Structure formats: structure tokens, C-alpha cells
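Colleague: Structure provided below as C-alpha cells; questions to follow.
Values quoted throughout were computed directly from the atomic coordinates according to the rules given, and no laboratory measurement underlies them. Predicted model, so just to flag it, every value in this text is computed and none were measured. Cβ sites come from the backbone with ideal geometry, for glycine too, and all protein chains shown count toward neighbours.
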Amino acid sequence: MGSLINNILGNDKNALQMGNEVIVMDMLSGTKAAASAYLTAALESATPELKAMYSSSVNEMLKAHSELTNLAVEKKWYKPYDKPEQQLADVYKQSVSICDKQD
């Protein structure tokens, strides 16, 4: 339990770094889902005013997603140009590391 408290309080720099990465990746997923929902709403809208409002929201989500992606690439949390095999190996290594810390 002590390590959980340390992680929350930020006493473990690696855990804090991992926490930031997880937060950004969750935010990327959230903006992707929101953009999809706004796009669907824009396509299904009955009035031009609603279409414009939802389209504006789609554009905001796209901009947020782009900025978050740039941050993740800059911090090397997301490596879109690596070979798929390397990306899979990195994710596997990261998941094993997380599971080991929980034991």
C-alpha cells in the first residue's frame, strides 16, 4: 500500500511518468470517441444550425487529438513510425512491467 501512496503523491518518478503517459493515451482515446460521436451527430442533424455546431465540435476534437498526438510522439510515449512488430513488443514489455509492479 505504501507504493500506491507514493505513486499518488508522486514520490516515484517512474510511476509519475507512467501515469502521465496513461493519462495522455486515455485522453487520445476520449478525443477520438468524442470526434466520432460529433461526426455522427453532424451527419444525422436535421438543421443547418445543428450541423454547424457539431461540425465545429468535430474540428475542436481533431485539433485536441492532433496536439495530444504530437505531445505523445515528442515524449516517445507513442511511436507511430516503428515497425508493427516493434510496437507490439514495446506494448508487451510495458504490460509485463506493469503486472510485475502490481505483484
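Colleague: Residues with amide H under 5 Å of Y78's amide H, sequence separation 5 or more or different chain, H placed in the peptide plane at 1.01 Å from N; which?
Modeller: Amide H to amide H, under 5 Å and 5 or more residues apart or across chains, Y78 pairs with V73.
Colleague: Distance cut-off 26 Å, Cα to Cα: go down the list K32/K79; K51/K79; K32/K75 and report the pairs above it.
Modeller: Pairs exceeding the cut-off: K51/K79.
Colleague: Are there trypsin sites (Lys or Arg not before Pro) in the stretch 65-97 that DSSP puts in a loop and that have at most 13 other Cβ atoms within 10 Å, and which ones?
Modeller: K75, K76
Colleague: Along the stretch 82-94, what does the Karplus equation 6.51 cos²θ - 1.76 cosθ + 1.60 (θ = phi - 60°) give for ³J(HN,Hα), rounded to whole Hz, x for Gly and Pro?
Modeller: With coefficients 6.51, -1.76 and 1.60, one gets 5, 5, x, 5, 5, 4, 5, 4, 5, 5, 4, 4, 5 Hz.
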